[in-house]
Amino acid sequence: MHLPRLRGQGRSGVRLGLWSVALCVVCACGGDDVEQTSCGPGERLNPVSGQCVEALRDGDVDADELPDGDSPDDADAGAEDASEADAEVEDVDADELPELCGMDMDLSSATVCTFYVHSPSMLYRLDPFRRSLEQVRSVPEGLFDIDTHPDGRLFGVSPETLYRFEPATETWTELATLSGLSNPNGLCIDNFGQGYLTSHDELYEVDLESAQVTRVGTMGSGFSSSGDCVVNKGNTLFVSSAPRGFYSDDELVQLDALSGEGALIGRSGVDDIYGLTAAWGELFGTTGDGRLVRLNPGNGRAEVLHDFGDVVFHGAASSPER
């Protein structure tokens, strides 16, 4: 209990006030005797209600000590649920967890790790870890690039048309005619479903339902799309830029999605990177002479992982997981 200090009262006055309160409590602040409630055998006095109740047995829980809305039965049920949940967690075998796609994965596992790529005439599924390539079906004439929406839908562009691939029937649907730009050779879709197109040294937004195109801006610094753009899991937009000056290899360039301005990441050491893919935390590229490369997003350097020979890759699509 906090006792406010009266105006002009010193510490001794407070001490006397406290003794007065204590005496008042002991004497019940009056001259009448206080009747003491006595409980019978097997009963106890509930200090809150002042009534006699059944005495607690060993292991019982007093309902007055539980939070509002709880009961002893509820407490027991909660403890049992927690024990069962713990038991379920303990029963999970690490060997039963699904294998994750990655450079160090077990290649003998049944885990599917593929993304779409295409040549001028054929759509493929490419596994970058097992170095395998599987034909799916033919592509529309003039298809320049493809990319996957975060919801799993696959889109493609030719110089004049926006397409969508229907996996259930393995057919291409022509959605709408593109207008307002010439010869787009790169398509990428960010983590929010916004589509982008690269054409020469310019970046455009594209509505994936209406195919309406809006110019964002120029890359600058002599950058020009070699064949593809890509958006990684961090929503960073990259483009493979054609060689500049005396160099013969493509460059990895980061683009500002709001202005289109480019910033050099570094030279790749590889030419004709026509496809870019963000998949399972990696950045892959495919080339016009059939090579699969792994790109370092920090310095742009490319590591050749495999050569598929005579396949001419035109475009590549990210995995939905990025």
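What number of residues in region 275-322 are hydroxyl-bearing (Ser, Thr, Tyr) and without any contact (Cβ under 8 Å) to a residue 60 or more places away in the chain? Working first, answer last.
Here is the first cut: in region 275-322, the residues hydroxyl-bearing (Ser, Thr, Tyr) are 277, 286-287, 318-319.
Now narrow it down to the ones that are without any contact (Cβ under 8 Å) to a residue 60 or more places away in the chain: 287.
So the answer is 1.
Taking the criterion of being of a type in the set (Asp, Glu), at pLDDT below 60 and in a loop (DSSP other than H, G, I, E, B), would at least one residue in region 95-109 satisfy it?
no
Just the residues that are free of Cβ contacts under 8 Å to residues at least 40 places away in the same chain and small (Gly, Ala, Ser), please, taken from region 97-117.
108, 109, 110
Of all the residues that make up region 298-322, how many are among the acidic types (Asp, Glu) and either in a strand (DSSP E or B) or open to solvent by less than 20 Å² (accessible area, probe 1.4 Å) (or both)? Can you show your working first?
Taking region 298-322 and keeping what is among the acidic types (Asp, Glu), we get 303, 307, 310, 321.
Next, only the ones that are either in a strand (DSSP E or B) or open to solvent by less than 20 Å² (accessible area, probe 1.4 Å) (or both) stay: 303, 307.
Total meeting the criteria: 2.
Which residue out of 204, 196, 274 is under 23 Å from the mean Cα position of the chain (by Cα) and in a strand (DSSP E or B)?
Numbers: 204 fails: under 23 Å from the mean Cα position of the chain (by Cα); 274 fails: under 23 Å from the mean Cα position of the chain (by Cα).
So the residue among 204, 196, 274 that is under 23 Å from the mean Cα position of the chain (by Cα) and in a strand (DSSP E or B) is 196.
Looking at region 152-168, which of its residues are part of a strand (DSSP E or B) and touching a residue at least 60 places away in the same chain (Cβ under 8 Å)? Steps first, please.
Initially, region 152-168 is screened for residues part of a strand (DSSP E or B), giving 154-157, 161-166.
Passing the criteria: 154, 156.
What residue, of 221, 240, 248, 210, is in a strand (DSSP E or B) and more than 17 Å from residue 319 (Cα to Cα)?
240
Quick check, is residue 310 over 19 Å from residue 189 (Cβ atoms) and at pLDDT below 95? Break it down stepwise before answering.
On the way: over 19 Å from residue 189 (Cβ atoms): yes; at pLDDT below 95: yes.
For residue 310, the condition - over 19 Å from residue 189 (Cβ atoms) and at pLDDT below 95 - is met.
Tell me, yes or no, whether region 156-167 has at least one residue that is open to solvent by less than 60 Å² (accessible area, probe 1.4 Å) and closer than 26 Å to residue 305 by Cα. Quick ask: steps written out before the conclusion?
Within region 156-167, the first condition is being open to solvent by less than 60 Å² (accessible area, probe 1.4 Å), and the residues that meet it are 156-159, 161-166.
Keeping just the survivors that are closer than 26 Å to residue 305 by Cα gives 156.
Yes, that holds for at least one residue.
Which of the residues that make up region 135-151 are in contact with an Asp or Glu (Cβ under 6 Å, 6 or more places away or on another chain) and open to solvent by 20 Å² or more (accessible area, probe 1.4 Å)?
Correct list: 137 only.
Mind telling me which of the residues 288, 262 ends up being surrounded by fewer than 23 Cβ atoms within 10 Å (Cβ to Cβ) and small (Gly, Ala, Ser)?
288
Surrounded by fewer than 20 Cβ atoms within 10 Å (Cβ to Cβ), at pLDDT below 95, farther than 18 Å from residue 145 by Cβ and of a type in the set (Ser, Thr, Tyr): which single residue out of 218, 171, 177, 236 fits that description?
Working: 218 fails: at pLDDT below 95; 177 fails: farther than 18 Å from residue 145 by Cβ; 236 fails: at pLDDT below 95.
Being surrounded by fewer than 20 Cβ atoms within 10 Å (Cβ to Cβ), at pLDDT below 95, farther than 18 Å from residue 145 by Cβ and of a type in the set (Ser, Thr, Tyr) holds for just one of 218, 171, 177, 236, which is 171.
In this structure, is residue 226 more than 19 Å from residue 314 (Cα to Cα), open to solvent by 10 Å² or more (accessible area, probe 1.4 Å), in contact (Cβ under 8 Å) with a residue 40 or more places away in the chain and polar (S, T, N, Q)?
Working: more than 19 Å from residue 314 (Cα to Cα): no; open to solvent by 10 Å² or more (accessible area, probe 1.4 Å): yes; in contact (Cβ under 8 Å) with a residue 40 or more places away in the chain: yes; polar (S, T, N, Q): yes.
Answer is no for this residue.
The values are calculated or read from the model by the stated rules, or taken from the named source; none is laboratory data. Since the model is a prediction, treat every value here as computed from it, not as a measurement. Quick reminder, even Gly has a Cβ in these numbers, built from the backbone with ideal geometry, and neighbours come from all protein chains shown. Heavy atoms of the whole protein, side chains included, go into the accessibility calculation; ligands, DNA and RNA do not. Shrake-Rupley method; radii C 1.70, N 1.55, O 1.52, S 1.80 Å.
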